[in-house]
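Everything below concerns the one structure shown next.
Each value in this text was obtained by applying a stated rule to the coordinates, not by laboratory testing. Keep in mind the model is a prediction, meaning the values are calculated, not measured. When we count neighbours, we look across all protein chains shown, and the Cβ atoms used for this are built from the backbone with ideal geometry, even at glycine.
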Amino acid sequence: MTITKTSIEGLIILTPRVFNDDRGYFFESYNTHTFNDIVGYAVDFVQDNQSFSTKGVLRGLHLQKGKHSQAKLVRVTQGEVLDVAVDLRSGSATYGKYESVLLSAENNQQFFIPRGFAHGFIVLSDSAVFQYKCDNYYNKQSEGGLHYADPEININWLMSTDDLNVSDKDKELPFLKDVADLGF
């Protein structure tokens, strides 16, 4: 497995070693021991989620607050997305900065997002299946997020805003300047 550290401490891109032959391919997508060695601490994933979306669907930027915050290991099993994580850890040198990575069924890459980040993605292909492991259970009362078009964060979503398909709920999320301490 190849590990790529990003410009934001804690965000890691993982690329598996793929074994191809005339029958197809095989790769190990997750191994607890290997993963914990890579991140440098024990992560206990307790919930797996999957979504299907069509081109232009933007989901995010979502988070769970305080003791319900979640670390995520995300990947795409069909299609291609631009995946984005925004640092919201108080005192972080990269607070309010984001990192993005193209995840696809072709590159098999995974993106590890530790606790303390808002997360979102946009579908760039005709459709995409997005999978993610979470290290904490979803808690409705602790959900929150940031507006996807926050000018202070200035995310390049690689698509015109005219082509985005965003839920009404996500359109109402606050801007970074309006968010209080989230307990990270």
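Of note:
- Filtered residue count, segment 32-66, keeping only those that are touching a helix residue (DSSP H, G or I) at 6+ places or on another chain (Cβ under 9 Å), of a type outside the set (D, E, K, R) and farther than 16 Å from Gly120 by Cβ: 4
- Options Phe112, Phe45, Phe121, Phe35: the member that is assigned to a helix (DSSP H, G or I), surrounded by 13 or more Cβ atoms within 10 Å (Cβ to Cβ) and in contact (Cβ under 8 Å) with a residue 24 or more places away in the chain: Phe35
- Ser142 being out of contact with any helix residue (DSSP H, G or I) (no Cβ under 6 Å at 6 or more places or on another chain), hydroxyl-bearing (Ser, Thr, Tyr) and surrounded by fewer than 21 Cβ atoms within 10 Å (Cβ to Cβ): no
- Answer residue from segment 68-85, given it is among the small types (Gly, Ala, Ser) and closer than 22 Å to Val46 by Cβ and is surrounded by the fewest Cβ atoms within 10 Å (Cβ to Cβ) among those: Ala71
- Test: residue in segment 83-95 that is assigned to a loop (DSSP other than H, G, I, E, B), of a type in the set (Asp, Glu) and more than 26 Å from Asp162 (Cα to Cα): no
- First in segment 163-184 and over 20 Å from Arg115 (Cα atoms), second anywhere and in a loop (DSSP other than H, G, I, E, B), Cβ under 6 Å, 6 or more apart: Asp163/Gly56; Leu164/Gly56; Asn165/Gly56
- Sub-6 Å Cβ pairs linking a first residue in segment 48-75 that is touching a residue at least 24 places away in the same chain (Cβ under 8 Å) and of a type in the set (Lys, Arg) to a second residue that is part of a loop (DSSP other than H, G, I, E, B) and surrounded by fewer than 22 Cβ atoms within 10 Å (Cβ to Cβ), at least 6 apart or interchain, are Lys55/Asp126; Lys65/Leu182; Lys65/Gly183, ordered by first then second residue.
- Scanning segment 86-109 for residues that are acidic (Asp, Glu) and either buried (at least 20 other Cβ atoms within 10 Å of the Cβ) or in contact with a Leu (Cβ under 6 Å, 6 or more places away or on another chain) (or both) yields Asp87, Glu99.
Conditions tested, residue by residue: (1) over 16 Å from the mean Cα position of the chain (by Cα); (2) within 12 Å of Lys55 (Cα to Cα); (3) not in a loop (DSSP other than H, G, I, E, B).
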| site | (1), (2), (3) |
| --- | --- |
| Ser125 | yes, yes, no |
| Val129 | no, yes, yes |
| Gln141 | yes, no, yes |
| Trp157 | no, no, no |
| Lys169 | yes, no, yes |
| Pro174 | yes, no, no |
| Leu182 | yes, no, no |
